[in-house]
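The values are calculated or read from the model by the stated rules, or taken from the named source; none is laboratory data. Just so it is clear, the model here is predicted, and its values are computed rather than measured. Cβ placement follows ideal geometry from the backbone for every residue including glycine, while neighbour counts extend to all protein chains displayed. Heavy atoms of the whole protein, side chains included, go into the accessibility calculation; ligands, DNA and RNA do not. Shrake-Rupley method; radii C 1.70, N 1.55, O 1.52, S 1.80 Å.
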Amino acid sequence: MCGNSMSVPLPAIVPAARKATAALIKCNLLFVHSHGWAEAFAGIRTPHVKYICPHAPVKPVTLNMGMSMPSWFDIIGLQTDAEEDEAGIKQASENIKALIDQEVKNGIPSHRIVLGGFSQGGALSLYTALTTQQKLGGVVALSCWLPLRNSFPQASRNSANNEMHVLQCHGEADPLVPVMFGCLTVEKLKTLCNPSNIIFKTYPRMPHSACPEEMMDIKQFIEKQLPPI
């Protein structure tokens, strides 16, 4: 469970149609709870995969004039050189790592767990995958960026997930997180992980949202990384 147990609901879960032998932990985006994404992933579900959509805690967001809303960490600005909420990013990452640990205790090996997320949730998934000691099955990073990117030295190639597979997707018409952010992120990822394991796909005319083609790409990636056993 993420965040304060007194204020954050339990994750939305789409159970596996049969015995769960793999899991996708899908972090929601800024401002939005996870039920909608749980429904979206139910539409492309794989029978042996359990889909876990944790809720972000409610906290003030500087970018939105300090108003409180579901957010994994504070967003101060959307420029490439904007100040970042380092403490908040690291705390949110620890919460996701705790979810990974819980699924391992439930009997799903970490290499059968894929992290995923859209926008801020995708950013959190990438950061968590690059800092966890658990070997993961991969990452689905949608319309996002890599937080604290300058904190990852070349030595990170020795991390537990330097061979992980990443599907990174971005809309070419995204007005909130421009596709340039995706391009910069994939360039950085290729210095931290095996470049041949990084897939970057863009979608013409897609704004800060999803499209059927993207959802099918996600389905195919999950099926490849988390095959039945």
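A single member of ASN197, ASN161 is modelled with pLDDT under 95 and either within 25 Å of ALA98 (Cα to Cα) or not charged (D, E, K, R) (or both), and it is ASN161.
On the given criteria, is SER209 open to solvent by less than 50 Å² (accessible area, probe 1.4 Å) and either part of a loop (DSSP other than H, G, I, E, B) or hydroxyl-bearing (Ser, Thr, Tyr) (or both)?
Taking the combined requirement at face value, the residue satisfies it.
Can you confirm whether the range 169-183 contains a residue that is without any contact (Cβ under 8 Å) to a residue 40 or more places away in the chain, part of a loop (DSSP other than H, G, I, E, B) and more than 18 Å from GLY121 (Cα to Cα)? Checked against the condition, which is being without any contact (Cβ under 8 Å) to a residue 40 or more places away in the chain, part of a loop (DSSP other than H, G, I, E, B) and more than 18 Å from GLY121 (Cα to Cα), the range 169-183 yields at least one hit.
A quick yes/no check of all residues on (1) closer than 20 Å to SER151 by Cα; (2) in contact with a Phe, Trp or Tyr (Cβ under 8 Å, 6 or more places away or on another chain); (3) open to solvent by less than 10 Å² (accessible area, probe 1.4 Å); (4) modelled with pLDDT of 95 or more:
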{"residue": "ASN28", "(1), (2), (3), (4)": "no, yes, yes, no"}
{"residue": "GLU39", "(1), (2), (3), (4)": "no, no, no, no"}
{"residue": "MET67", "(1), (2), (3), (4)": "no, no, no, no"}
{"residue": "ALA82", "(1), (2), (3), (4)": "yes, no, no, no"}
{"residue": "ILE96", "(1), (2), (3), (4)": "yes, no, yes, yes"}
{"residue": "LYS105", "(1), (2), (3), (4)": "no, no, no, yes"}
{"residue": "PRO109", "(1), (2), (3), (4)": "no, no, no, yes"}
{"residue": "GLN120", "(1), (2), (3), (4)": "yes, yes, yes, no"}
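Answer yes or no: is there a residue in the range 160-167 that is surrounded by 15 or more Cβ atoms within 10 Å (Cβ to Cβ), within 16 Å of the chain's Cα centre (by Cα) and not in a loop (DSSP other than H, G, I, E, B). Scanning the range 160-167 turns up at least one residue that is surrounded by 15 or more Cβ atoms within 10 Å (Cβ to Cβ), within 16 Å of the chain's Cα centre (by Cα) and not in a loop (DSSP other than H, G, I, E, B). Here ILE199 meets each of (1) open to solvent by 60 Å² or more (accessible area, probe 1.4 Å); (2) touching a helix residue (DSSP H, G or I) at 6+ places or on another chain (Cβ under 8 Å); (3) within 22 Å of GLU84 (Cα to Cα); (4) aliphatic (A, V, I, L, M) with one exception, condition (3).
ILE113: open to solvent by less than 30 Å² (accessible area, probe 1.4 Å), in contact with an Asp or Glu (Cβ under 7 Å, 6 or more places away or on another chain), modelled with pLDDT of 95 or more and β-branched (Val, Ile, Thr), yes or no? So ILE113 fits the description; yes.
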